[in-house]
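First up is the structure itself, then whatever we jot down about it.
Every number in this text was worked out from the coordinates using simple rules, so none of it is lab data. Since this is a predicted model, take the numbers as computed values, not measurements. Positions of Cβ are backbone-derived with ideal geometry, glycine not excepted, and every protein chain shown enters the neighbour counts.
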Amino acid sequence: MVVSEKITLIEGSRDVVITVIHNSVKKLKSQPMRVTQDDEKGIMELAVAINKETSATVIINNTDIDLNSDEGIKENKELFDEFKKIITKINPQVIIDLHGMANSGSLFNNSKESGLRICREFIEKPSEGSRPDIDIGFRRKASSNFCTSRGETILRVAKFLSYQGLITDIEAVFPGGSFIGNLACMDRDVMAIEVAKRVRDNKKLNKKFIDAIINFIDSIRGQAISDEVNTAFGVSKISKPEEVKEELKEEPAGYIG
């Protein structure tokens, strides 16, 4: 473990990097107004557990600076550049930016549903409500067509999460922030994974999340996947690859430009 004043680097394999950029970031809550870190508790522990099982490299933001907005990055360019320098040197195939989210609140594209659902119609969701166990974000912002990860990779990680019985949606709550947008490139899949508080607080669900990410990492490495991975747990719909490609309006060979 290499520790600097602003960044903790847990060195490991170079193909996958897990980032934790909100470990010490405080959030302002209203009604009642208070400053809290509750929504992000347990994320660093998840990253460390995945590192132990897969040797994926972990990078942690030790500061209370929020690097997930254009404004935050612009005002703290030195810190962001330090992150980017480390990642550029490693040059990973996949970056997973881990975040915590509340169990309920505003919804973006999707609403809570059993199993995996891809890009549901806007009309199917309420504006507020119970959030999924896991929300995967991969667009830099809602108004942008540029994707930070290929649909094939997003579908793969979503399936492994759903196979563990975790209610998994794509951009149900957040479309992915500026941090992943600034790290994406044509040869790299970058995604944000939001983990609900109920999953982080429950040991069984916690392990299911860790196992899902381990299986995802093993799969992109071409390694054997646990026999326990199957479709028996709460999967109401898994779209065929051609359906996903159509729904995401993705070009077959790469990213949306």
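Structural remarks
- Each of K197, K6 has some number of other Cβ atoms within 10 Å of its Cβ, and from fewest to most they run K6, K197.
- When C185, C147 are arranged by Cβ crowding within 10 Å, least crowded first, meaning fewest neighbours, the order is C185, C147.
- Mean Cβ neighbour count within 10 Å, used as a protection proxy, ranking 68-78, 54-64 highest first: 54-64, 68-78
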